[in-house]
Structures are given as structure tokens and as C-alpha cells.
Amino acid sequence: MKVLITGSSGLIGSEAVTHFGNKGYDVIGIDNNMRRLFFGEAGDTRWNLERLKLTTKRFKHFDADIRDRPKIENIFREQRFDLIVHCAAQPSHDKARDIPVLDFEVNALGTVNLLEATRQYCPDAAFILMSTNKVYGDAPNEIPLKEMETRYDYARAEDFEGVNESCRIDQTLHSLFGASKAAADLVAQEYGRYFGLNVGVFRGGCLTGPSHSGVELHGFLSYLVKVTMRGGVYSVFGYKGKQVRDNIHSYDVVRMIEEFAANPRPGEVYNVGGGRQNSVSMIEAINQIEEMSGCKLNWTYVEEARRGDHICYISDLRKFKAHFPNWQITKSLESIIEEIVTAERARALEAV
């Protein structure tokens, strides 16, 4: 089996390289370290690429740009894949406002290039697009909420499991990032429904893990641990620090990909996150990380929330679980934070 992973040096991409490489598959990675261009040195993923080269035997890396259609077509023509996991993206809704054209080219045009190459050269392959919950824009903020001591939560019993895939994606404030990803999301669905390709669209929330090159504009838990343990000032933007996110470990995301690839449903859409069991508010996360790391976070409160930011977002996972009953969350929030803290300690020792 031959697997292509775009964004292979990133969080989900590198987890997928490791997972499928350990199964003995031939793994081809595409990554040109654009995260460094987007976020500076802190976003550099070369350390992850070097780790993958050392630890994954049947891994081949291409320094390629997904916007380069001829180069992408060449790779597909020569390799012929059984599975494509498309993780490469400009991932920050804040950053997109500064680079709107580049953001759209990477997220929307790059996705079309990959889908069309799949249609032309390996139409029987499974194709997974790592989309985002930002395709819903700020529509989830219309769900009635109640304010609690350390978090916001859904006020109605029927919303307990969180946001499901029926949430609308239009007539809402997305951020330019959310709009470019929505374009990719819709065209991926269309390649599945219109052309019959085995495309799955995974609308991710807070995807995390120790391989994340977290920065302020992208990578909630990873960046929070980094600032807590390395020093610096962390900014909490609005909502009294009670905004809630559900966090899923990169391993559990890759297991979702594996389950879908084994029994694909063309053009299907799934919300991807840690669900209620892995949900945490900003205040709660700070307290847990301080306790686990033994370090005190220096943080400041900014009254104005990020534009279009979700107040409370928990992914309703019932649809995916119904379609793929062999899958479940295996990494708790506590174990996720512990892994990230341990990885940060190891990096600090390497730097000495």
C-alpha cells in the first residue's frame, strides 16, 4: 500500500507518516515548511522532518508546493497512491487577514490540484481532506449558552453532545481562513459526490499532540504549554477566559483516517474533535498545565475577543462513531497535556 501525506512535517501529517510507516506501507510526504513562512522560526517544522527520516524506514520526502500543479501531477503520475491524506494548509484564521491571496491559493487551489490529480491518476484511492470547524464561521455562537464558574457550556439538553455536521456554513462570519477552507471543503465533497471519488472531509477543531509546532496564532495547547514552561507572556482574548474547546490527540485523528480509508463513504463530512470528555476552557487548561508542569504561566487578559472566535465549541462525534463503530477516543485530555509537557521538557534538555 502506498500513502501520500501532504503537510507531512506538521502535527497530523507527521503522526500519519509514523502510523502508516509502522504498518510497513510506503509513505510519501509532501511538505515545503511553509509553516515557517507563515509563523516565523517558532513555526519551523524541520525538526519534525528530521525525526521522521530517522524513525520511519519506508518514508520518502518531497519538498514540493501543493500550488505547483505540474509538480503535483508528476508525483501522482509516478507514484500512484492508494490513500491520500491532505493535511497541508495555511491554518490560522488570524494570519489569513494579512495574506488573503496566499491563504486562498494554499487552502483552496492546492486542494483542487490534489483532488484533480487523484481523479486523473488514482481514482480508486481514498482521499481525506483535513478541513476545519471554522467552515461553520461563528454560527456555533448562536447556540444558547450558560456561564459557569470556569467555563461556558450549552444551556439546552439537546446541545449536550456539541456541534453536529448540520450546522450551517453560510451567512456567518468565517474569517478569510474559514472561507478558503470552506471552498476546499465544498469542492472536496463535490469530487466525492459528483465524480464518485472516495473523499472524506474531516472538520477538525483543536487537534493537538507533542509533535505540534505551536505558535500564538495556531496551536492552543501546544503553545500554552510552551509559554508556561519557557517563559514569556500569554494573552487570553475575551470571554473571561471561559471559552471552551475540545481537544483530540493526533493519534486518534489518524485512527479516524484509517477507519474511513478502510470503508470510505464518497463525499461524506465528519466533525473531528475530542468531544465533551476532552473539552476544556482556557482557565481550566491554564490550571491543569501549571499543576502538571510545576511552572507558573505569566498571562494577561485582553478584553476584546478574536473576531469570529467560538465561545464554546464541542464536536459532536456521534455521526462518525455510528459509521465507524471500531473507533473511539483513546487519549484523555490529561494524558494529552502530560505528553506535551513531557515533550517540552525533552526539548529544553536538548537545547542545553
- Task: Any residue in the range 298-309 that's in contact (Cβ under 8 Å) with a residue 12 or more places away in the chain: show its pairings with residues that are part of a loop (DSSP other than H, G, I, E, B) and open to solvent by 60 Å² or more (accessible area, probe 1.4 Å) at Cβ separation under 9 Å, as long as the two are six or more apart or on different chains.
- Result: 298/233; 299/233; 300/233; 307/97; 307/173; 308/173
- Message: Being of a type outside the set (D, E, K, R), under 23 Å from residue 180 (Cα atoms) and either at pLDDT 95 or above or open to solvent by 30 Å² or more (accessible area, probe 1.4 Å) (or both) narrows it down to one residue among 117, 125; which is it?
- Response: 117
- Would you mention how many residues in the range 287-309 are open to solvent by less than 70 Å² (accessible area, probe 1.4 Å), charged (D, E, K, R) and either in a loop (DSSP other than H, G, I, E, B) or over 18 Å from residue 342 (Cβ atoms) (or both)? 2
- Of all residues in the range 25-43 being touching a strand residue (DSSP E or B) at 6+ places or on another chain (Cβ under 7 Å) and small (Gly, Ala, Ser), which is most open to solvent (accessible area, probe 1.4 Å)? 42
- Cβ pairs under 7 Å, 6+ apart or interchain, first in the range 268-286 and closer than 30 Å to residue 193 by Cβ and open to solvent by less than 10 Å² (accessible area, probe 1.4 Å), second acidic (Asp, Glu) and in a strand (DSSP E or B), ordered by first then second residue, are 273/246; 274/246; 275/246
- Note on the structure: Those residues of the range 16-46 that are over 18 Å from residue 226 (Cα atoms), touching a Leu at 6+ places or on another chain (Cβ under 9 Å) and either not in a helix (DSSP H, G or I) or not hydrophobic (A, V, I, L, M, F, W, C) (or both) come to a total of 9
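When you look at residue 246, is it within 14 Å of the chain's Cα centre (by Cα), surrounded by 16 or more Cβ atoms within 10 Å (Cβ to Cβ) and of a type in the set (D, E, K, R), yes or no? So that I can check it myself, show each step before the final result.
Numbers: within 14 Å of the chain's Cα centre (by Cα): yes; surrounded by 16 or more Cβ atoms within 10 Å (Cβ to Cβ): yes; of a type in the set (D, E, K, R): yes.
Considered against the rule, which asks whether it is within 14 Å of the chain's Cα centre (by Cα), surrounded by 16 or more Cβ atoms within 10 Å (Cβ to Cβ) and of a type in the set (D, E, K, R), residue 246 comes out as yes.
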- Message: Can you pull out every residue in the range 44-73 that is of a type in the set (Asp, Glu) and open to solvent by less than 60 Å² (accessible area, probe 1.4 Å)?
- Response: 44, 65, 73
- Set 106, 101, 85, 112: member being touching a strand residue (DSSP E or B) at 6+ places or on another chain (Cβ under 7 Å) and outside any loop (DSSP other than H, G, I, E, B): 85
- Message: Any residue at all in the range 192-199 that's in contact with a Pro (Cβ under 6 Å, 6 or more places away or on another chain), among the polar types (S, T, N, Q) and open to solvent by less than 60 Å² (accessible area, probe 1.4 Å)?
- Response: yes
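The values are calculated or read from the model by the stated rules, or taken from the named source; none is laboratory data. Only a predicted model underlies this, so the values are computations on that prediction, with no experimental measurement involved. Counting neighbours? That spans all protein chains shown, and the Cβs are built from the backbone with ideal geometry, glycine included. Accessible surface areas use protein heavy atoms only, side chains included; no ligands, DNA or RNA. Shrake-Rupley method; radii C 1.70, N 1.55, O 1.52, S 1.80 Å.
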